[in-house]
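Notes follow the structure.
The values are calculated or read from the model by the stated rules, or taken from the named source; none is laboratory data. No experiment lies behind these values; they were computed from the predicted model shown. When we count neighbours, we look across all protein chains shown, and the Cβ atoms used for this are built from the backbone with ideal geometry, even at glycine.
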Amino acid sequence: MGGLSDCAADYNRGMDPTISRVRDLLHQASAAAALTGAGISAESGIQTFRGPGGIWRTYRAENLATPEAFAKDSKLVWEWYNFRRSVIAGVEPNAGHRALAEFERRNNNFTLITQNVDGLHDRAGSRNLLKIHGDIWTLRCTVCARERHDAATPLPELPPRCACGGMERPGVVWFGESLPEEVWINAQRTAGQAQVLLVIGTSAVVYPAASLAALAKRSGAVIVEVNIAETPVSALADYSLRGPAAEILPELLASEIR
Ligand code: OAD
């Protein structure tokens, strides 16, 4: 991943020494990765799940984000996902999403693992992206399992129907479900091979996603946390950058040539 130039030395003058150090590590790493959570989309105006104002403080996850809830009242679950889709459609990716996408364009061994289903990383331009909790813009047939992308907001019919006539469900992972197998295997491989893992805007309490930081650490990666608050990852992080992702990431990931 490109060495530091003289320009970088100039640019680094006056920069927070921790940020400067992590920038050096990123530029020296032959493989780097990031794991993002809801915190990276907070500054786009999407509520996080936990903490003050979190979605799971207002709604009960077991009534909306479980297979049991969908079996009991698919229309209610779909109304909630339809509402969330409308909220997400009305916001834009922020400087944090854009900084990750730009970093990927400049570095050919950077993989982004996200727990977010909002699609904001895609809209910012990230392509080497592992969506371990699925995608709110994907619909999956409960009968034939066919998947399709549908960005309509609102959806014209609830619950939506597949061409085969079967009822579709949101293409996201619910509590109690397994992660998409191939994506999860790739995510573990990515974390195991990364020399630097950025852990950004996640409370790191939902497993198995939260296990990726420890896996990377065991495999020798430098762990860098970017979060406004302390989390369980803070204890194993080599560097903790405290503050909003939309402010820290552009500074951390900016090109060394200005
Ligand atoms: P959480 O809502 O649990 O955590 C959000 C994290 O982001 C917290 O640690 C906050 O401190 C941090 N945060 C908030 N604003 C931030 C900002 N501007 N910059 C940086 N950090 C910020 O969200 P997740 O960890 O993503 O799963 O939640 C994990 C999973 O639980 C989600 O994927 C979802 C949820 O239930 C499913 O739906 C299966």
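Residues in region 149-163: is at least one under 28 Å from T190 (Cβ atoms) and in a strand (DSSP E or B)? Taking every residue of region 149-163 in turn, at least one turns out to be under 28 Å from T190 (Cβ atoms) and in a strand (DSSP E or B). Among the residues of region 91-101, some residue qualifies, meaning at least one is within 16 Å of the ligand (Cβ to nearest atom), within 27 Å of E251 (Cα to Cα) and of a type in the set (D, E).
Output the number of residues of region 37-63 satisfying the condition of being more than 9 Å from the ligand (Cβ to nearest atom) and at pLDDT below 95.
Step one: list which residues in region 37-63 are more than 9 Å from the ligand (Cβ to nearest atom), which gives 44-46, 52-53, 57-60, 62-63.
Next cut, at pLDDT below 95 only: 52-53, 57-60, 62-63.
Matching residues across region 37-63 total 8.
Sub-7 Å Cβ pairs linking a first residue in region 116-130 that is assigned by TED's automatic domain parsing to the domain that holds A204 to a second residue that is among the basic types (K, R) and away from the ligand (no atom under 13 Å from the Cβ), at least 6 apart or interchain, are A124/R98, ordered by first then second residue.
Going through region 219-243 one residue at a time, which ones are assigned to a loop (DSSP other than H, G, I, E, B) and either under 14 Å from D16 (Cβ atoms) or aliphatic (A, V, I, L, M) (or both)? Show your work before the answer.
So in region 219-243, the residues assigned to a loop (DSSP other than H, G, I, E, B) come out as 219-221, 228-231, 236-238, 243.
Of everything in region 219-243, those that are assigned to a loop (DSSP other than H, G, I, E, B) and either under 14 Å from D16 (Cβ atoms) or aliphatic (A, V, I, L, M) (or both) turn out to be A221, I228, A229, L236, A237, G243.
Summed over region 102-118, the residues that are within 16 Å of the ligand (Cβ to nearest atom) and of a type in the set (A, V, I, L, M, F, W, C) give a count of 3.
Quick check, is A216 in contact (Cβ under 8 Å) with a residue 24 or more places away in the chain, more than 21 Å from A99 (Cβ to Cβ) and outside any strand (DSSP E or B)? Full working, then the answer.
On the way: in contact (Cβ under 8 Å) with a residue 24 or more places away in the chain: yes; more than 21 Å from A99 (Cβ to Cβ): no; outside any strand (DSSP E or B): yes.
Against the criterion (in contact (Cβ under 8 Å) with a residue 24 or more places away in the chain, more than 21 Å from A99 (Cβ to Cβ) and outside any strand (DSSP E or B)), A216 does not qualify.
Being more than 10 Å from the ligand (Cβ to nearest atom), at pLDDT 95 or above, of a type outside the set (D, E, K, R) and part of a helix (DSSP H, G or I) narrows it down to one of L198, L252, so name that one.
Among L198, L252, only L252 is more than 10 Å from the ligand (Cβ to nearest atom), at pLDDT 95 or above, of a type outside the set (D, E, K, R) and part of a helix (DSSP H, G or I).
Filtering L158, L236 for residues that are surrounded by fewer than 19 Cβ atoms within 10 Å (Cβ to Cβ) and more than 16 Å from the ligand (Cβ to nearest atom) leaves a single hit, L158. Scan region 213-233 for residues that are within 12 Å of the ligand (Cβ to nearest atom), aliphatic (A, V, I, L, M) and either surrounded by 21 or more Cβ atoms within 10 Å (Cβ to Cβ) or under 15 Å from the mean Cα position of the chain (by Cα) (or both) and jot them down. Correct list: A213, V226, V233.
Quick one: would you say R140 is farther than 13 Å from Y81 by Cβ, modelled with pLDDT of 95 or more, surrounded by fewer than 20 Cβ atoms within 10 Å (Cβ to Cβ) and among the charged types (D, E, K, R)? Even if it seems obvious, please write down each step before you answer.
On the way: farther than 13 Å from Y81 by Cβ: no; modelled with pLDDT of 95 or more: yes; surrounded by fewer than 20 Cβ atoms within 10 Å (Cβ to Cβ): yes; among the charged types (D, E, K, R): yes.
Considered against the rule, which asks whether it is farther than 13 Å from Y81 by Cβ, modelled with pLDDT of 95 or more, surrounded by fewer than 20 Cβ atoms within 10 Å (Cβ to Cβ) and among the charged types (D, E, K, R), R140 comes out as no.
Quick one: which helices (runs of 4 or more DSSP H) lie wholly within region 11-128 and hold at least 3 residues that are surrounded by fewer than 17 Cβ atoms within 10 Å (Cβ to Cβ)? Working first, answer last.
Numbers: elements: 17-28, 39-42, 55-58, 61-64, 67-72, 74-89, 95-106, 120-124.
Qualifying helices (runs of 4 or more DSSP H): 17-28, 55-58, 61-64, 67-72, 74-89.
Among the residues of region 115-172, those that are over 29 Å from A32 (Cα atoms) and hydroxyl-bearing (S, T, Y) comprise T142, T153.
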